[in-house]
Amino acid sequence: MTASTPTKTIQIDNYIKGEYVKGKSGKTFETINPATGKVLGNVALGTADDINTAVAAAKEAFEKGPWPRMSMQERGQVVKRIGDLILERKDELARAETLDTGKPISESSNGDVPRAALNFHFFAQFATSYTEECFVPAASEMHVAVREPLGVCGLITPWNLPLYLATWKIAPCLVMGNTCVLKPAEWTPYTAYLFAEIAQQAGLPEGVFNVVNGFGADGAGEALTEHPDVRSISFTGETSTGKAIMANSAGTLKKLSFELGGKGANIIFDDANLDEAIDTSVRAAYRNQGQICLAGSRLFVHKDVFRKVVDRLVDKVKAIKVGNPLDPKTEMGALISEEHMQKVLSYIEIGKKEGKLLTGGDRLNHLGDGYFIAPTVFEGLSPESRLLKEEIFGPVLPVVPFDSEEEAVALANSTPYGLSSSLWSENVNRCHRVSQQIRAGMVWVNCWFARDLRTPFGGQKSSGIGREGGRYSLEFFSEAKTISYKYSK
Ligand code: NAD
């Protein structure tokens, strides 16, 4: 790696009641720079003890502090200031995110960090225009449905988009008047650590926002999901983890929002604008090293254009610049960990046995000890192959031909997941017809990753429970209460 690789090991503490603190056990764990395989930082190992302290701080801030008692407008100003401060520190945050995740700096700088700021700017503004309902069935009677904060909320986030996804939860949670404890993914604690300082500088009262680092099962994550004073869990991560959280939180009956795994189908019909479809399909499969829940990770192409599309796609995949994530020209960086890289390589081995490798297929050893895998394309796999059913979460794309619209829909729906899907066709009737038959929370027609933050975001089937975005987030992070009035004559 280049000279810009850090030389000093950073210390990452928990953040509780407005202060950075060590873990109560005194123990730490290492976070690794995926591009070098070297230690990036030592992280406070949070346990149930630390969760208890953080939840107590959040509970006190909710019950006695100013935050839930401020008006939406006043809270919105603080939330907006957080967004402003993220932008002021965007270069520092982008570099931290890239060092911790291995993603290209161009993505951290132009994607993750601006989006984190937008999450705060959006919810600060959107919440103040949120309207509550009032029902007047007779002149002498009125029913008002108000929304109240829940109390202490638990937020649990994954490693693939650490700051982006944490802030997607923190912003609506705070603006609705809640307090919270964030448990970031153990692989990527760096930006949550920096973010705590930003929240403090923006004027968030102590105890409103807390961070406890540590592991999930048997660790800080599990303790948060079982804590009796935590009213809700907003979780983004693997489907299997969602199931464990649901079981563990049942005893204390929490409100749950789950954004889980995905296995997006990307369908190219023979009447599509092929240039756009191919360019976007490459981004959809390999952005963030393929580690995106919304990735177009299965490509289905009509048989009449299959060869043309696949040949052109493979040429573009071969041209992807894989390398040092801190280099602004890099298009694909390193996978998150040795363990995850081995998992992705094991799928590649299956692909080599069952199908035909068109490009990639190896770890890139010339890039040193980092976890780099060449962007990989397979054809000739059976639709029943594990590469077409399971979430690989890496730069591996199986391509499969189809004959008819019905077959394309059946292929798209043939996994337990149902998060997102793309389809490409110039025929508006077909686009509408097929969109309605795909079992997914989001369908992109002639595009991928197009987002309006007001729209419902979430998955069907094993991809999630509930929706986030706009009013869906505000409703998740609040409780509805009906107040009924009768007027005496
Ligand atoms: P993961 O489920 O392994 O971990 C996510 C978080 O849960 C981490 O903070 C982890 O420590 C914690 N955790 C693990 N076990 C826990 C337990 N028993 N109790 C409480 N917390 C626990 O997921 P990951 O590997 O970090 O992230 C990748 C996954 O996230 C992929 O499946 C991806 O599709 C999914 N994802 C989904 C979305 C979406 O919006 N649907 C977005 C991004 C990522």
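A short reminder: the numbers here are calculations on the coordinates, not readings from a lab. Because the structure is predicted, anything quoted here is derived from the model rather than measured. Don't worry about glycine lacking a Cβ; one is built from the backbone with ideal geometry, like all the others, and counts go over all protein chains shown.
General remarks:
- Only the Cβ atoms of Lys and Arg (+1) and of Asp and Glu (-1) were treated as charged; on that basis the dipole of the range 126-216 about its Cα centre amounts to roughly 260 debye.
- Summarising the amide proton neighbourhood of residue 10: residues at separation of 5 or more, or on other chains, whose placed amide H is nearer than 5 Å comprise 41, 42.
- Rg/Rg_globular for the range 178-275, with Rg_globular taken as 2.2 N^0.38 Å and Rg from C-alpha atoms: 1.43
- Mean Cβ count within 10 Å, highest first, over the residues of peptides 416-429, 336-349: 416-429, 336-349
- Put simply, when 462-473, 83-94, 46-57 are sorted by average Cβ atoms within 10 angstrom per residue, most first, you get 46-57, 462-473, 83-94.
- Spin-label pair residue 63-residue 321: with each label point 7 Å from Cα along the Cα-Cβ axis, the two points sit 5.7 nm from one another.
- Using the average count of surrounding beta-carbon atoms within 10 Å as a protection proxy, the listed peptides 257-269, 282-294 rank, highest first, as 257-269, 282-294.
- Remark: the range 146-152, residue by residue, has Karplus-estimated 3J(HN,Hα) of 9, 10, 10, x, 7, x, 8 Hz, where x stands for each Gly or Pro and the curve is 6.51 cos²θ - 1.76 cosθ + 1.60 at θ = phi - 60°.
- Taking a ≥ b ≥ c as the square roots of the eigenvalues of the Cα gyration tensor, the chain is oblate, since a/c reaches 1.5 or more and a/b is not larger than b/c.
- Once the Cα gyration tensor of the range 265-452 is diagonalised, semi-axes √(5λ) in Å: 27, 17, 15
- Within the same chain, lysines fewer than 8 places from residue 316 are excluded, and of the rest, those with a Cα less than 27 Å from its Cα are 103, 263, 303, 308, 329, 343, 352, 353, 356, 389.
- Computed from Cα positions, the angle between helix 90-101 and the longest principal axis of the chain comes to roughly 60 degrees.
- Simple rule: put +1 on each Lys or Arg Cβ and -1 on each Asp or Glu Cβ in the chain, find the dipole, and look at 423, 203, 143; the Cα lying farthest toward the positive end is 143.
- Cα gyration tensor of the range 8-70 - equivalent ellipsoid semi-axes, whole Å, descending: 30, 13, 8
- For the range 265-452, the share of DSSP beta bridges that are antiparallel, to the nearest 5, is 15%.
- Taking the DSSP bridge list for the chain and keeping only pairs wholly inside it, about 45 percent are antiparallel.
- Calculated on alpha-carbon atoms, Rg and Dmax of the range 224-331 in Å: 19.9, 59
- Between amide H atoms placed 1.01 Å from N, distances below 5 Å from residue 373 occur with 335, 364, all of them 5 or more places distant or on a separate chain.
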